[in-house]
Amino acid sequence: MPATLNPTKEKIHEIIFEADTPAGKFFDVFLMIMIFASVLVVMLESIGELQVNHQKLFYILEWIFTIFFTIEYGLRLYCVYNPMKYAKSFYGVVDLVSILPTYLSLLITGAHTLMVIRALRLFRVFRIFKLAHFLKEGHLILHALKASRAKITVFLVFILLIVMIMGSLMYLIESGANSGFTSIPRSIYWAIVTLTTVGYGDIAPQTPFGQFIAAAIMIMGYVVIAVPTGIVSSELMNQKELQHNTQACRYCAEEGHDDDAVYCKYCGEQLNE
């Protein structure tokens, strides 16, 4: 921990990582606009006619976005007191991945590598994940999913057993009816599609008993949809008891602290005063 706090770092950190001040809110709004604009450019660039007619414009815009996000990434590393921790975090990796393709395209040259360059440039779409900085409720959903993972795992195992049993049963019933149930794995595939109420229609039972079982699986599908929804919803209600703010730790850049928190619950360092 540094002996004294750096005022410049503290000010930049307040603007970039927190949204409780006018400057912080302005930066967040401007950053969201830049993210959406950069992703829109990537999508428009994939249209052949636009790419041919406006290739130079797309090239200039891409470098404008890349330089902006490079400066932003550098400032994020500068204003935290443990830059490597942020660089290895989810947000840090996304920030880096969103700018690397443009720089890598300068190093990979030659006609035979044009497809590789295009593949690298597609990774610019990862900029959309930078929006996770603004999704406070996203943390709530993640915590709810983690808390309910044991129940969901048991539920998934139960569903796997059902589709394996039903698929095997349908294979025994329909294998001689020339209805597409040519193997147990293919029959299990049909059971999964039917149980999830997708119903592609590429395989359908022909015998009355097979159709009866298919109808039972379809009705069961509505129950399957309701169970995980109820599990996660109950955990979401439990997660809403504590209030959180937008304050980010100056050492690890993690957010989601309680309003009365003094120390970071992720790294243990003291939060901003």
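Values quoted throughout were computed directly from the atomic coordinates according to the rules given, and no laboratory measurement underlies them. Since this is a predicted model, take the numbers as computed values, not measurements. Using ideal geometry, Cβ is built from the backbone for each residue, glycine included, and neighbour counts are taken over all protein chains shown.
Could you check the spin-label model distance between Tyr78 and Leu271? Points 7 Å from the Cα along Cα→Cβ, value in nm. In this crude label model, Tyr78 to Leu271 measures out at 2.7 nm. Remark: relative contact order (the range 1-72) = 16 percent; criterion is Cα-Cα distance under 8 angstrom and separation of 6 or more residues. The residues Arg149, Arg186, when put in order of fewest to most other Cβ atoms within 10 Å, stand as Arg149, Arg186. Taken along the Cα-to-beta-carbon direction at a fixed 7 Å, the label points for Lys56 and Val262 span 6.3 nm.
A full extension of the chain between Met220 and Phe36 corresponds to an added length of 62.2 nm, given 0.36 nm per residue minus the alpha carbon distance. The label point for Ala23 and the one for Gln206, both projected 7 Å from the Cα toward the Cβ, are 7.5 nm apart. By the beta-carbon count within 10 Å of each Cβ, the least crowded to most crowded order of Lys151, Lys56, fewest first, is Lys56, Lys151.
Among residues other than Ile152 with Cβ under 13 Å from its Cβ, the summed charge is +2 (Lys and Arg +1, Asp and Glu -1). Using equal-weight Cα scatterers in the Debye expression, the normalised intensity of the range 146-239 in log10 at q = 0.12, 0.17, 0.19, 0.22 Å⁻¹ is -0.42, -0.71, -0.83, -1.01. If you average the alpha carbon positions of the range 140-193 and of the range 194-210, how far apart do those two centres end up, in angstrom? With the range 140-193 and the range 194-210 each reduced to a Cα centre, they are spaced 13 Å. In terms of other Cβ atoms within 10 Å, Cys264, Cys79, Cys249 run from fewest to most in the order Cys264, Cys79, Cys249. From most to least packed by mean Cβ count within 10 Å, the peptides 161-169, 206-214 give 161-169, 206-214.
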